[in-house]
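Working notes for the structure below.
The values are calculated or read from the model by the stated rules, or taken from the named source; none is laboratory data. Since this is a predicted model, take the numbers as computed values, not measurements. Neighbour counts run over all protein chains shown; Cβ positions are idealised from the backbone, glycine included.
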Amino acid sequence: MLARIATEEDDAQIFVDSGDLSLNFYGNTLYFAFKYVGSGKTAQDGTFELDDFRTFEI
């Protein structure tokens, strides 16, 4: 299952819920990194927000 990521069609003022992702197949150690690169075409292009990042064991 892939995460849902905001697109140009989404309202810029509303957070998009990515949904739940199973990470069981990655093993016991995980590292998370986030990188966003804009196109440079608009003033708001470099804006990206991440909120409520959570991990839990099932």
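Kindly provide the set of residues from the stretch 1-41 that are closer than 21 Å to Thr55 by Cβ, more than 11 Å from the chain's Cα centre (by Cα) and acidic (Asp, Glu), ordered by number.
Scanning the stretch 1-41 gives a single hit, Asp20.
Just to check your reading of the model, which residue among Phe15, Phe48, Phe56 is surrounded by 10 or more Cβ atoms within 10 Å (Cβ to Cβ), modelled with pLDDT under 80 and in a loop (DSSP other than H, G, I, E, B)?
Phe48
For the stretch 18-27, name all the residues that are part of a loop (DSSP other than H, G, I, E, B) and either aromatic (Phe, Trp, Tyr) or at pLDDT below 80 (or both).
Gly27
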